[in-house]
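Inspection log for the structure reproduced underneath, given as structure tokens.
The values are calculated or read from the model by the stated rules, or taken from the named source; none is laboratory data. Owing to the predicted nature of the structure, the values given are computational and were not obtained by experimental measurement. Ideal geometry is used to build each Cβ from the backbone, glycine not excepted, and the neighbour counts take in all protein chains shown. Accessible surface areas use protein heavy atoms only, side chains included; no ligands, DNA or RNA. Shrake-Rupley method; radii C 1.70, N 1.55, O 1.52, S 1.80 Å.
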Amino acid sequence: MIPAPFDYVAPSTVDDAVRALADAGEDAKVLAGGQSLLPVLRVRLAAPTKIIDLGKVAELRGVREEGDHLVIGSMTTHYEVQRDPLIAEHATLLARATDTVADPQVRHRGTFGGSLAHADPAGDLLAPALALDAEVVIQGMDGKRTATAADFFEDFFTTSLRPDEILVEVRVPKHTGWHAHYEKFNRVAQAWSMVAVAATVRTDGDAIAEAKIGLTNMSSIPMRATAVEQALVGQPATTEAIRAAAEHAAEGTNPTVDGNADVEYRQHLARVLTGRAISAAMAG
Amino acid sequence: MRITVTVDGTSYTDDVEPRTLLVHHLRERLGKVGTVVGCDTSNCGACTVHLDGHSVKSCSVLAVQADGSEVTTVEGLARDGQLHPVQQAFHDNHALQCGFCTPGMIMQSIDLLADNPDPDEHAVREGLEGNLCRCTGYQNIVKAVRDAAHHMRPGAGPEAERVADTGSRTASSVGGGGE
Ligand SMILES: Cc1cc2nc3c(=O)[nH]c(=O)nc-3n(C[C@H](O)[C@H](O)[C@H](O)COP(=O)(O)OP(=O)(O)OC[C@H]3O[C@@H](n4cnc5c(N)ncnc54)[C@H](O)[C@@H]3O)c2cc1C
Ligand code: FES
Ligand code: FES
């Protein structure tokens, strides 16, 4: 199938893109990598009258350092995130989670910003962004604003982005030297997460000094496993200590029921995968 | 909208509707019917081509997004009547049954070998994760890719040289750099 007709513009600056979006009104859509939007347009689940392609906006690409933060342009592709030396060093968790997204072809096109803006609860980059205490920088006709990941995700496929706003960049506090692992559970190749756990851990000698745990697909939005994080502080990184802390992983979660799994099974997965994620992070 | 795309070394300028998918542009306007469509959900990978040196699913790219870019399809791989080493390896290893997935499998295999010239079986399966074979001929596909890797090794003979200009990594479209 092919998409319904639309007008197309490909501005070369963020300012022009924001203006085009505002001028076009509610029926306009921003196009990033197109790996979620184009499939939706093809089956005509959406039929925007205007597409604003960010593909030519050079300022939205790339990764840079700004003091104790990394700043990742929203149009940086999954492929670039996987291989970026700054991300490898200061936000390892994001690189490891991105490795598990989709397949190589999709990763060549799909973008970090597009994944966050799309806000699929099974998307693999939301929980890492939340776990790393990332902030998103958003630009609209009224200028720029910043939102924490915790405030940005509002519901299934819903963020605090207003119709005339563009996600410009993601600011990630450096987690230099933190251990990290993303444990994703699915049953077939190139599948979305049934449940996944993003874990990053700072150690002090043999003990766990601090842990940040994000849960994918355990609610309509990504969640932090706060009780696990608290239980890990000061613990030795032993299998027993990790397993005991991971028992708290499903607390406060509200996962959906679908053909893959019911609530109890997803909560079971959250506990098991949290244990595995922390152990794998420590081993890595 | 008027776009110019270089496909398999030839530059084409055409007026296209913005909603035209790259795969339809290739097949219906340019006659490059070697690239096929196997699904409506961006899952099967049969439509895989290289866009500025990287594999993409051409059903999930608009033709207008390819304006100013270089596309390589399975039709652009052979040189002087000689198959590309990956094509030859698919032939030699019986890596196809009905052949519908083959154009995409070959294009993705070339991408995978550009990233990792000597993949083990696991790496081949991961690298081909986005390509489905309904005939489930995966065993021989994996064998073919590893065989091709063997033939494409530096010093493996004249075949390997052809790969330098076809399986190209121009890196022009990518900021992060390859390996
Ligand atoms: C076969 C397949 C398998 C996949 N598997 C996975 C998976 O396992 N895990 C996973 O996490 N993802 C998966 N994806 C999705 C993939 O990661 C997409 O790249 C991602 O969800 C969307 O990014 P995009 O750049 O392609 O955005 P697009 O598709 O271009 O846009 C998605 C939405 O976000 C909006 N948007 C995009 N960028 C911006 C911006 N800068 N500002 C404002 N709004 C914006 C668009 O308007 C649109 O509504 C899969 C996709 C496919 C096709
Ligand atoms: S036709 Fe493009 S992925 Fe199936
Ligand atoms: S050979 Fe028939 S689909 Fe792969």
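Filter the stretch B:55-104 for residues that are open to solvent by 10 Å² or more (accessible area, probe 1.4 Å), within 16 Å of ligand 1 (Cβ to nearest atom) and touching a residue at least 60 places away in the same chain (Cβ under 8 Å) and give the result.
B:C101
Of B:D67, B:D80, which residue is more than 25 Å from A:L37 (Cβ to Cβ) and away from ligand 3 (no atom under 15 Å from the Cβ)?
Going through B:D67, B:D80 in turn, the sole match is B:D80.
Taking A:V71 and the conditions (1) within 16 Å of ligand 2 (Cβ to nearest atom); (2) not in a helix (DSSP H, G or I), which numbered condition does it fall short on, given that it satisfies the others?
The one condition A:V71 does not meet is (1).
Restricting the search to the stretch A:154-182, which residues are among the charged types (D, E, K, R) and open to solvent by less than 40 Å² (accessible area, probe 1.4 Å)?
A:E165, A:E169
For the condition within 17 Å of B:I106 (Cβ to Cβ), more than 10 Å from chain A (Cβ to nearest Cβ) and within 16 Å of ligand 1 (Cβ to nearest atom), what is the one hit in B:G34, B:G38, B:G45?
Step by step, each of B:G34, B:G38, B:G45 is checked, and only B:G38 is within 17 Å of B:I106 (Cβ to Cβ), more than 10 Å from chain A (Cβ to nearest Cβ) and within 16 Å of ligand 1 (Cβ to nearest atom).
Picking from B:D8, B:D52, which residue would you name as being charged (D, E, K, R), within 28 Å of B:G127 (Cα to Cα), within 17 Å of the chain's Cα centre (by Cα) and more than 10 Å from chain A (Cβ to nearest Cβ)?
Criteria check complete, one pass: B:D8.
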